[in-house]
Amino acid sequence: MVDNVGEVQISDEVQQVSSEEEVSGSKKRKTELRSFVWKHFSKLPGGLRAKCHYCGKSYAAHSNSGTSGLSTHLDRCKVRKKMKAANDAKQQTLVCKKGKGKDDGTAKVIHIGFNREACRMALVKMIIKDELPFRFVEAEGFLEFMETCCPKFEVPSRRTITRDILELYQNEKGLLKSILSANKQRVCITTDTWTSIQMSNFMVVTAHFIDEEWVLHKRILTFTPISNHKGDGIGKLIENCLIDWGIEKLFTITVDNASANTIAIAYVKKKLANWSGNSMVLNGLYMHVRCSVHIINLIVQDGLSQVSQSIASIRNAVKYVRSSPARLQKFKTCVDREKISRGGLMVLDVPTRWNSTYLMLEKAAAFEKAFERLKEDDGHYTNWFDEDESEKRRVGPSIDKDWENAKSLYNIRKVDELRANIKELLLKLLESYGGESNPNRGERCMAIHDGASSSIESFDPFTQFKKMKESSNDDISGKNDVEKYLSETCESASNPQFDILTWWKLNGPRYPILSQIAKDVLAIPVSTVASESAFSTGGRILDPFRSSLTHKTVESLICTQNWLRSTLLGERTIQPSQEEAEFY
């Protein structure tokens, strides 16, 4: 039955109960209790209070007070919820459950009962994982969908969802804390700072560690606002993070090449030295690890600067073609007339990401003749370069020399003469970023480039161990772990199937001390990509339409999403996130 204010009364829950509760003179008048709540409450003697059938609590039930208070209690009564859940669980349904993997074609028939709490938690996790707005649960389409497929489920409000997210964050944080405290290995961290579209500064700290099953893990520990990007401020937040998570065995901190990070790590080392039972390795001599991705980026950007005009002219040519559908169609006509197989048109790069510049040049060079025809057939194309952009004339259009430079760049691996230049740049970086007092920084950079230039093979750790092995004695009796390890036959460095963590899992018992060292060292991240990828998530969560989210809610969303998506402890496969893959 629908009344004049649009409220629905469920007729089958209406119970007519006769009672004698009002006395007028010497006569008693009988009234009918029509509200559905009386199916779950009984009036106490005197008629002024009513008792819940489930938990036994009593509430005001005078005729003048109405039944809204009783209805509110009914919705919140925990005993009733447990009884309903138990009753729903008894009502089993046969369902066909498919395998989890995309390529898993297996399926099995199981019995399953309805669980309200499980449904509510699944809804919370969906909102976190898929980065849905909280108002999604109040959207008309979603409510209609739930009413159709699962009418038993009471969809919570967005405020309730917010509370559930914060509660899940605390539960998952407690679980991760217990894992870190039980893990005997050292923890490595990466950190970076970021400014949101609302001009708020944030700092992220990500932990890296290897568990007892020799599985590498990375978990975001904190995503918190920071007042500025100064070294002391960064250092204090790292210290607070370590204290909050109970991390005392810190091994390394991987950061980019900003000078503020040097100050921050000096601050952290000073504070850790004052902690009881100072656990820093070699007093933190190798705690500061510089991000190899940023170092490589400096190398590439230095090389790109030599042909910056050529790159700018090609970038502008691609930008012109992609700036409107009419221009793109005219360019396609030029491609067809030059009989060029399309195979996908050009992509515009992100100037700060050199790998995207490489892809842009590779794609654009295939359409060199089409651009030349566009210059002949489209007068607007040439005139467009005469216009000013940011108070400067646009670079272009591209000439033959520009295309030659582009081809030499994306074919860099095929040009032997460039290897010497790369080696020279690497050696400069070794001196600049490693320094004589800390040569392992440059060694890490050299090892990364080893696949592109055999001339720096001497920096490959495999080569170093092989030389040490050849000079060692084959008799391993009475030797320590290191001597035993160096006496073993070396694995092939060219084997693409070789997994260093699996090797140590199988052979670790033979080297009880060295395996613990290896577990610490192999957890060291060589870049800050794991932390930087969190900013991609932060940018989507803190978009212009969700700028009112509190900092604690933002941290709960980003951290919990990372924890829910991460590989469970003990599993063997770890795949990089989409954001991380974009950096490599």
Quick check on the range 273-296: of everything there that is part of a helix (DSSP H, G or I) and buried (at least 20 other Cβ atoms within 10 Å of the Cβ), which residue is farthest from the chain's Cα centre (by Cα)?
GLY284
I'm trying to understand the selection: among the residues of the range 236-269, which are farther than 15 Å from GLN185 by Cα, modelled with pLDDT under 90 and open to solvent by 70 Å² or more (accessible area, probe 1.4 Å)?
SER259
When you scan the range 303-326, how many residues do you find that are open to solvent by 70 Å² or more (accessible area, probe 1.4 Å) and either β-branched (Val, Ile, Thr) or over 32 Å from the mean Cα position of the chain (by Cα) (or both)?
4
Could you grab me the full set of residues in the range 38-78 that are open to solvent by 60 Å² or more (accessible area, probe 1.4 Å) and under 40 Å from the mean Cα position of the chain (by Cα)?
THR72, ASP75, ARG76, LYS78
For the range 336-385, enumerate the residues that are more than 15 Å from LYS319 (Cβ to Cβ) and acidic (Asp, Glu).
ASP336, GLU338, GLU362, GLU368, GLU372, GLU376, ASP377
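Mind counting the residues in the range 320-337 that are aromatic (Phe, Trp, Tyr) and over 10 Å from ARG373 (Cβ atoms)? First the steps, then the outcome.
The first filter runs over the range 320-337 and keeps only residues aromatic (Phe, Trp, Tyr), leaving 320, 331.
Add one more test, that the residue is over 10 Å from ARG373 (Cβ atoms), and what stays is 320.
Adding up the residues that qualify gives 1.
Condition test on PHE142, is it more than 30 Å from TRP503 (Cβ to Cβ) and among the hydrophobic types (A, V, I, L, M, F, W, C)?
Values: more than 30 Å from TRP503 (Cβ to Cβ): yes; among the hydrophobic types (A, V, I, L, M, F, W, C): yes.
Yes, satisfied.
Give the range 170-192 a look and list any residue that's among the β-branched types (Val, Ile, Thr) and under 25 Å from ALA260 (Cβ atoms), or say none. I'd like the intermediate steps shown before the answer.
As a first pass, look at the range 170-192 and keep what is among the β-branched types (Val, Ile, Thr): 179, 187, 189-191.
Correct list: VAL187, ILE189, THR190, THR191.
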Residue pairs, Cβ under 6 Å, 6 or more apart or interchain, first in the range 134-160 and under 17 Å from ARG116 (Cβ atoms) and open to solvent by 80 Å² or more (accessible area, probe 1.4 Å), second in a loop (DSSP other than H, G, I, E, B) and charged (D, E, K, R). List them.
none
Odd one out for GLY105 among (1) outside any loop (DSSP other than H, G, I, E, B); (2) surrounded by fewer than 10 Cβ atoms within 10 Å (Cβ to Cβ); (3) at pLDDT below 85; (4) small (Gly, Ala, Ser)
(1)
Hey, any hits in the range 262-276 for a residue that's β-branched (Val, Ile, Thr), within 26 Å of LYS173 (Cβ to Cβ) and without any contact (Cβ under 8 Å) to a residue 12 or more places away in the chain?
no
If you scan the range 184-215, which residues turn out to be buried (at least 21 other Cβ atoms within 10 Å of the Cβ) and assigned to a loop (DSSP other than H, G, I, E, B)?
ARG186
Hey, can you tell me all the residues within the range 216-257 that are under 27 Å from ALA182 (Cα atoms) and assigned to a helix (DSSP H, G or I)?
GLY235, LYS236, LEU237, ILE238, GLU239, ASN240, CYS241, LEU242, ILE243, ASP244, TRP245
Select from the range 328-345 the residues that are in a loop (DSSP other than H, G, I, E, B) and of a type in the set (A, V, I, L, M) and write down the one among them that is farthest from the chain's Cα centre (by Cα).
ILE340
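The values are calculated or read from the model by the stated rules, or taken from the named source; none is laboratory data. Model, not experiment: these values are computed from the prediction. All Cβ positions, glycine included, derive from the backbone under ideal geometry; neighbour counts span all protein chains shown. Please note that ligands, DNA and RNA were not included when accessible areas were found on the heavy atoms of the full protein model with its side chains. Shrake-Rupley method; radii C 1.70, N 1.55, O 1.52, S 1.80 Å.
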